[in-house]
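Here's the structure we're looking at; comments come further down.
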Amino acid sequence: MKRIGKVGVVVAAIVVMTAIFSSVFVTEENEYRLIRQFGKVDRVVSEPGIGFKMPFVEEIDTLPKQILLYDLSASDVITKDKKTMIADSYVLWKIIDPLKFAQTLNSSISNAESRINTVVYNSIKNVISSLSQTEVISGRDGELTEAIMKNIGATMDQYGISLLSVETKQLDLPSDNKNAVYERMISERNKIAAQYKAEGDSEATVKKNTTDKEVSIMLSNAKAEAAQITAEAEGEYMRILANAYGDADRRSFYEFVRSLDAAKLSLKDGNKTLILSKDSPLAQIFMGIE
């Protein structure tokens, strides 16, 4: 009987320890803990730390708290101008209301991804179908993502999900018409470039004509000013000559200086002899002959 009593105590101790250990749980920073009682969510633990539950009565589900990535399969979409394109996108999302997530999607990540796939694909299809192929290609630097997110709106709020971003990894053309589209795009860009060049040439011609006109006016003004300065200099020259010849003394001195200059020009190449006739005006000046 004593042995049976000891076994009973040991069993009871094991049961108690098991109950204690099964009632303790730890919540990490990157997860939610859903405490279910008879299959129904009784409470949600979102803060990290140690928690307690009723053993054998309450069960625990775990949901991720961090940002998740869902990669959509590449699919065909048709633009407004009836051109087919291949869209390959991914979604960044997270659970923001774990209770609503559990109630609507049964705490299933795969169920959530299925809803995300449907909503995002329909949004991509709707947005691209409202744009031409050229607009789709030119909007790949952010405008397309913004339009898709706006189209989705608050659709996923009912599932306790927040879609953070819908990014397009690749938005390409089917291989059978890719070359034709590229050639048309190159042709359109060449037309735009030709238009810019023509406008630039026209503006350059206008500026050149304006500059030539300004240069012509400046040259004309400069020539007029130069002619005026020349006329004033010649007038001054004539005034000086008139003063030089105005009286006998000045005239005689001027003639003497000119005679010296003439004699100097004659005495060159080592020639130091100047031969003058008696009647030469130069000889008369040097010899004082009247």
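The values are calculated or read from the model by the stated rules, or taken from the named source; none is laboratory data. Everything numeric in this text was worked out from a predicted model, so none of it was measured. Cβ atoms come from the backbone with ideal geometry, glycine included; neighbour counts cover every protein chain shown. SASA here: full protein model, heavy atoms, side chains in, ligands and nucleic acids out. Shrake-Rupley method; radii C 1.70, N 1.55, O 1.52, S 1.80 Å.
The single residue among ILE137, ILE128, ILE116 that is open to solvent by less than 60 Å² (accessible area, probe 1.4 Å), assigned to a helix (DSSP H, G or I) and touching a Ser or Thr at 6+ places or on another chain (Cβ under 9 Å) turns out to be ILE128. Residue count for region 109-133 under the criterion of being closer than 13 Å to LEU68 by Cβ and among the small types (Gly, Ala, Ser): the result is 2.
Figure legend. Inter-residue proximity from region 55-82: first residues of a type in the set (Phe, Trp, Tyr), second residues outside any loop (DSSP other than H, G, I, E, B), beta-carbon distance below 7 Å, spacing 6+ or different chains. Indicated pairs: TYR70/TYR90; TYR70/VAL91; TYR70/TRP93; TYR70/GLU113; TYR70/ILE116. Residues that are open to solvent by 30 Å² or more (accessible area, probe 1.4 Å), out of contact with any helix residue (DSSP H, G or I) (no Cβ under 8 Å at 6 or more places or on another chain) and β-branched (Val, Ile, Thr) were ranked within region 22-50; the one that is nearest to GLN66 (Cα to Cα) is VAL45. If we scan region 235-249, do we find a residue that is modelled with pLDDT under 70, farther than 30 Å from SER138 by Cβ and among the aromatic types (Phe, Trp, Tyr)? Yes, that holds for at least one residue.
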